[in-house]
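The values are calculated or read from the model by the stated rules, or taken from the named source; none is laboratory data. These numbers come from a predicted model, not from an experiment. Glycine gets a Cβ as well: all are built from the backbone with ideal geometry, and neighbour counts include every protein chain shown. Only protein heavy atoms, including side chains, enter the accessible area calculation; ligands, DNA and RNA are left aside. Shrake-Rupley method; radii C 1.70, N 1.55, O 1.52, S 1.80 Å.
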Amino acid sequence: MAPFTRIFWIVLDSVGIGALPDAADYGDLGRNTLGHVAELRPLQIPTLVSLGLANIAPLSNLAPAENPKAAFGKSSTHSPGKDTTTGHWEMAGIWLDHAFPTYPQGFPPDVIAEFEKRIGRKTLGNKPASGTDILKELGAEHLRTGFPIVYTSGDSVFQIATHEDVVPPADLYKMCEIARKLLEGPHQVGRVIARPFTGAPGKFTRTPRRHDYAVEPPSPMLMDVLAEKKVAVHGIGKIHDIYNGRGLADYATTVNNADGMKKLTEALSTHRTGLIFANLVDFDMLYGHRKDVQGFAKSLEEFDAALAQFLPRLAPGDLLLLTADHGCDPDPRWPSTDHSREYVPVLAYSPGTGHVPQAASATGCNAELGVRDTLADLGQTVAENFGAVVSHGQSFLPRLTHGDSGP
């Protein structure tokens, strides 16, 4: 019988907690998403603090919990890179030998020419840009010509933006499928992303009909081994897109973090066993890339309030895992709008009697998960709980069930 009947795993997209030792190699020396947000805009996040968030690393204006309710620590990313695919794949037990390619000068002319040939029309852009800036610059020309806007960022992405009145979303998705098939070999980007938008010049707005087309994950990964054990996995948010739906029993899309928390709350009643795996993307998509410290802080506070309502509804046999996939520091002192190579927080909480968050926090020792070498430790913990194993990572399940001091 599994120690935990049900695991809720929530990824707070881009909520990093300090630069990794190799951050300088990525141009990210000194970046610290949570640290800088807390410094620039005092946070009111009592629920996360009570779990032990401020025990992981110093956060301005937030005192560490004397008796944290959760096991706490932070994790490195073993694989090279700092993007969604790299982070989530590593959580599922996959280590990459090399990072997905990025295009700081735009995509090669031959790649764009072949894409234009396959979709039967010219394109605009082909350069790194923020999603809002590229619409300000090229949105009106797109309305006039019907040419899709192609752009990238500091991450391994091929993004296509079209106005829904000019190119229906279904046609945009077909373009993305064409791009996904084209971008193989040395140009195998981590994701192709559909970016539909609406509105008039000066008032363009991206719609919730974004869709990600990820590279097919290598086998075996966490969802594969859970499926072999007949463990149901319910995906929430872009989890389905990141793993191409593999190993998921079902999934629910979301329009924002609030909707994600609503879907998680619904899953308390509809999914009694297995893994409920969610990604909350607003921190990244709406605030990190847009360098919006105030928005990032407010979003953290809204999540904290929703979490306060969610925790009491967990059953004794439930485990909640909270983490992130990378950072995206909005601090304007660092001009980059790209993701940041950071540690990510790890919090593990269960209301069950005898589980370590309560038993260990009383002694102040075994509640510390320390610095994990890889995000795969989370996946290995989930796998071990359900009697499976993934290729990489060291489970910390014994600390959650018996209060063991290691690993």
Practice prompt. Go through segment 254-276 and give me each residue that's buried (at least 20 other Cβ atoms within 10 Å of the Cβ), under 26 Å from Leu43 (Cα atoms) and in contact with a helix residue (DSSP H, G or I) (Cβ under 6 Å, 6 or more places away or on another chain).
Written response: Thr254, Asn257, Met261
Response to the item:
Only one of Ala170, Ala194 is open to solvent by less than 10 Å² (accessible area, probe 1.4 Å) and either closer than 21 Å to Asn244 by Cα or among the β-branched types (Val, Ile, Thr) (or both), namely Ala194
Discussion item. Looking at Pro201, Pro217, Pro208, can you tell me which residue is in contact with a Phe, Trp or Tyr (Cβ under 7 Å, 6 or more places away or on another chain) and part of a loop (DSSP other than H, G, I, E, B)?
Written reply: Pro217
Worksheet item: For Val215, all conditions in the list (1) aliphatic (A, V, I, L, M); (2) open to solvent by 10 Å² or more (accessible area, probe 1.4 Å); (3) at pLDDT 95 or above hold save one; what is the number of the exception?
Response: (3)
Worksheet item: Taking segment 138-192 only, how many residues are in a helix (DSSP H, G or I) and among the polar types (S, T, N, Q)?
Response: 1
Worksheet item: Mind checking whether some residue in segment 366-374 is at pLDDT below 95, open to solvent by 10 Å² or more (accessible area, probe 1.4 Å) and closer than 30 Å to His36 by Cβ?
Response: yes
Practice prompt. Could you tell me which numbered condition Ala19 fails, if it satisfies all but one of (1) open to solvent by less than 20 Å² (accessible area, probe 1.4 Å); (2) in contact with an Asp or Glu (Cβ under 8 Å, 6 or more places away or on another chain); (3) over 23 Å from Gly379 (Cβ atoms)?
Written response: (1)
Discussion item. Out of everything in segment 230-247 that is part of a loop (DSSP other than H, G, I, E, B) and of a type in the set (A, V, I, L, M), what residue ends up being surrounded by the most Cβ atoms within 10 Å (Cβ to Cβ)?
Written reply: Val231
Item to complete: Please name all residue pairs, on different chains or six or more residues apart, with Cβ atoms under 8 Å, provided the first residue is in segment 213-235 and is of a type in the set (Ser, Thr, Tyr) and the second residue is open to solvent by less than 10 Å² (accessible area, probe 1.4 Å).
Response: Tyr213/Cys176; Tyr213/Ala179; Tyr213/Val192; Tyr213/Ile193; Tyr213/Ala194
Discussion item. Being of a type in the set (D, E, K, R), within 21 Å of Ala214 (Cα to Cα) and at pLDDT below 95: is that true of Asp338 here?
Written reply: yes
Worksheet item: What do you reckon, is Asp110 outside any loop (DSSP other than H, G, I, E, B), open to solvent by 30 Å² or more (accessible area, probe 1.4 Å) and out of contact with any Pro (no Cβ under 7 Å at 6 or more places or on another chain)?
Response: yes
Item to complete: Determine, yes or no, whether Glu177 is charged (D, E, K, R) and within 15 Å of His240 (Cβ to Cβ).
Response: no
Worksheet item: What is the residue count in segment 77-98 for residues that are within 22 Å of His289 (Cα to Cα) and open to solvent by 20 Å² or more (accessible area, probe 1.4 Å)?
Response: 2
Fill in: Inter-residue pairs, beta-carbon under 8 Å, first more than 19 Å from Leu138 (Cβ to Cβ) and in segment 186-211, second open to solvent by 40 Å² or more (accessible area, probe 1.4 Å) and part of a helix (DSSP H, G or I), 6+ apart
His211/Tyr173
Practice prompt. Would you mind stating whether Phe158 is open to solvent by less than 40 Å² (accessible area, probe 1.4 Å), in contact with a Leu (Cβ under 9 Å, 6 or more places away or on another chain) and in contact (Cβ under 8 Å) with a residue 40 or more places away in the chain?
Written response: yes
Worksheet item: Counting only residues that are open to solvent by 30 Å² or more (accessible area, probe 1.4 Å) and in a loop (DSSP other than H, G, I, E, B), how many does segment 319-350 have?
Response: 8
Worksheet item: Can you tell me which residues in segment 286-306 are open to solvent by less than 40 Å² (accessible area, probe 1.4 Å) and among the aliphatic types (A, V, I, L, M)?
Response: Val293, Ala297, Leu300, Ala306
